[in-house]
Amino acid sequence: MGGVIYIINLIKSLNKLSDQEKPEIILFYNDKSKTFLNEIEYPYITLVYKKTKNDYIGYLLSFLHCKNIFEDGLISHYKLDGLFPLCDFPFSLGENNFKAAAWYPDLQHKFYPQYFSKLKILFREWRIKLIIKNASNIVLSSNDVYNHFKKFYNLKTKTNFHILKFTSITEGLVFPPIEDLKTKYDISSDYFIVSNQFWQHKNHIIVFKAIKLLKDANVNCKIVFTGMMEGNRNQFFIEEIKRLIIDFNLNEYVIFVGLISREHQLCLMKNSLAVIQPSLFEGWSTVIEDAKALKCQIIASNLDVHKEQLEYGKFGFLFEPTNEVELAKLLNDILTKNIILKPFVDNYQKLTIDFALAFINIFHN
């Protein structure tokens with residue numbers, strides 16, 4: 001979902017440029033993403049179905065044929081001037097007057113290797129080193145990620161790095177009445193919301209610990225959690241969460257709404273007391289960008305990337321992601337109105353246009 005939302009918002013941001021500035025786009029989609037095509041309205045777009053290649057098989061075929069199979073003739077067939085995001089560079093494309101921009105979200109495996117299999121780490125490392133070797137343009141989501149690349153890899157001077165700070169566009173989405181959603185999802189009072197996938201590094205555990213502290217202090221703090229639980233590939237972590245809720249006796253304080261539509265998700269975020277982003281690691285948090293665009297109060301872990309997104313606490317409250325006492329105090333202060341709320345980002349429209357222009361600039365320099 002993150003990748004789909006990224007591309008949709010990128011095209012929406014380009015739509016905010018003047019007609020003369022808008023590039024012509026050919027959008028390649030697959031079976032998993034085709035259901036989202038109705039969210040895209042853009043005057044100069046061509047939709048092309050393309051079956052996605054398996055990563056491992058794609059690399060094997062590339063080496064067997066001594067060419068980048070992932071590009072697979074797209075450049076010449078569609079007369080492309082640029083290609084984004086091309087995340088696989090087993091070989092350099094070697095096309096004159098053409099720009100393929102690699103994109104890599106983050107280096108989480110360097111900081112939390114315990115969340116990855118040894119094979120996954122090996123493939124990530126291989127892919128990154130081939131990108132650095134063969135790609136002339138690499139797009140990253142934040143200065144924080146760029147600093148990580150400089151720390152862990154020997155970067156080539158001829159490689160152009162571009163920082164493309166994602167923004168979220170919520171205009172045009174039709175939200176249902178919040179009271180209808182509260183009835184639908186059995187939300188009976190004011191609430192905070194956590195809207196992350198259920199992976200260990202998203203740090204849901206610290207939120208449960210904070211809720212327990214508030215419960216023990218007789219504070220009624222309700223928190224809504226979105227995201228798929230049943231059928232989640234990370235089922236052992238889901239079971240850990242369920243055990244923790246039972247051990248802490250939190251059933252009446254937490255509400256799990258599952259995987260819901262984006263309109264429902266954003267509506268619940270917009271009407272919450274605050275959006276909590278407790279993650280231990282991010283490349284650039286889509287949740288925070290959604291919250292900024294919706295003018296929500298934000299409580300986020302004090303990662304360098306979150307500081308970058310929230311201008312060092314100007315537009316959100318920051319807390320140490322292993323400190324449940326600090327998080328519990330922030331929640332209680334907002335509940336009791338014992339804190340000065342943060343201002344909202346008042347120039348988000350400009351940030352969105354800057355996002356679009358920065359994207360176009362990748363292919364002009």
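What follows is calculated from the coordinates using simple rules that are stated; it is not laboratory data. Treat the numbers as computed from the prediction; the structure is a model and nothing was measured. Note that each Cβ is placed from the backbone with ideal geometry, even for glycine, and that neighbours are counted across all protein chains shown.
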**Asked** Which ³J(HN,Hα) values, rounded to whole Hz and listed in residue order, are derived for region 292-307 from phi using the Karplus coefficients 6.51, -1.76 and 1.60 in 6.51 cos²θ - 1.76 cosθ + 1.60 with θ = phi - 60°, glycine and proline given as x?
**Response** 4, 5, 8, 6, 9, 6, 10, 10, 9, 4, 7, 5, 4, 5, 5, 4
**Prompt:** Residues with amide H under 5 Å of Cys87's amide H, sequence separation 5 or more or different chain, H placed in the peptide plane at 1.01 Å from N; which?
**Reply:** Trp103
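Where the only charges are on Cβ atoms (+1 Lys, Arg; -1 Asp, Glu), what is the dipole of region 178-343 about its Cα centre, to the nearest 20 debye?
200
Over the chain, what is the relative contact order in percent, taking alpha-carbon pairs closer than 8 angstrom and at least six residues apart? Let's see the in-between values first.
Details: 541 pairs, mean separation 58.2, N = 365.
Value for the chain: 16 percent.
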**Asked** If packing is taken as the mean number of other Cβ atoms within 10 Å per residue, what is the order of 126-137, 167-178, highest first?
**Response** 126-137, 167-178
**Prompt:** Given H placed on each backbone N at 1.01 Å, which residues far from Asn160 in sequence or on other chains put an amide H within less than 5 Å of it?
**Reply:** Asn137, Ile138
**Complete:** Taking 213-222, 275-284, 85-94 and ranking on average Cβ neighbours within 10 Å, highest first, one gets 275-284, 85-94, 213-222
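For the ranges 261-272, 11-22, 55-66, what's the packing order if you count other beta-carbon atoms within 10 Å of each residue, average per peptide, and put the highest first? Mind dumping the intermediate values first?
Numbers: 261-272: 19.1, 11-22: 14.9, 55-66: 13.4.
Final packing ranking: 261-272, 11-22, 55-66.
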**Request:** Would you kindly derive the ³J(HN,Hα) couplings of region 57-70 from the backbone phi angles with the Karplus curve 6.51 cos²θ - 1.76 cosθ + 1.60 (θ = phi - 60°), listing them in order in whole Hz, with x for Gly and Pro?
**Result:** 5, x, 5, 4, 5, 4, 5, 5, 9, 6, 7, 7, 5, 5
**Request:** Report the percentage of all Cα-Cα pairs in the chain whose separation exceeds 35 Å, rounded to a whole percent.
**Result:** 28
**Prompt:** How many percent of all Cα-Cα pairs in region 294-337 sit more than 12 Å apart?
**Reply:** 58
**Asked** If amide H atoms are built 1.01 Å from N in the plane of the peptide, which residues on other chains or at least 5 residues away come under 5 Å of the amide H of Leu318?
**Response** Ala300
**Dipole of the chain, positive direction: furthest Cα of Val219, Tyr59, Leu330, with charges on the beta-carbon** = Tyr59
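What dipole magnitude, in Debye to the nearest 20, does the chain give about its Cα centre under +1 on Lys/Arg Cβ and -1 on Asp/Glu Cβ? Before the final figure, lay out the partial values.
Values: 43 positive and 39 negative charges, 184 e Å.
Computed about the Cα centre, the dipole is about 880 debye.
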**Request:** Go through Gln108, His306, Leu93 and say which Cα lies farthest out towards the positive end of the charge dipole of the chain; charges sit on Cβ, +1 for Lys and Arg, -1 for Asp and Glu.
**Result:** Leu93
**Fill in**
Phi-derived 3J(HN,Hα) across region 278-289 with the Karplus relation (6.51, -1.76, 1.60, θ = phi - 60°), rounded Hz, x for Gly and Pro, is x, 3, 7, 7, 8, x, 6, 6, 5, 4, 5, 5
**Fill in**
Largest fluctuation, Ile163, Ile340, Ile238 only, Gaussian network model of the chain with Cα springs under 10 angstrom, belongs to Ile340
**Asked** Most fluctuating residue of Asn302, Asn38, Asn203 in a GNM of the chain with Cα springs under 10 Å: which is it?
**Response** Asn38
**Message:** Of Val275, Asn234, Ser188, which is farthest towards the positive pole of region 178-343's charge dipole, taken about the Cα centre with +1 and -1 on the beta-carbons of Lys, Arg and Asp, Glu respectively?
**Reply:** Ser188
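For the chain, what is the mean residue ellipticity at 222 nm derived from helices alone (per DSSP H run of n ≥ 4: -39500 (n - 2.57); sum divided by total residues; nearest 500 deg cm²/dmol)? Provide the component values of the computation, followed by the final result.
Numbers: 14 runs with 145 residues, N = 365.
Only helices count here, giving -12000 deg cm²/dmol.
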**P(r) weight above 26 Å for region 178-343, C-alpha pairs, percent** = 20
**Request:** Could you work out the relative contact order of region 1-157, using alpha carbon pairs under 8 angstrom and six or more residues apart, expressed as a whole percent?
**Result:** 16
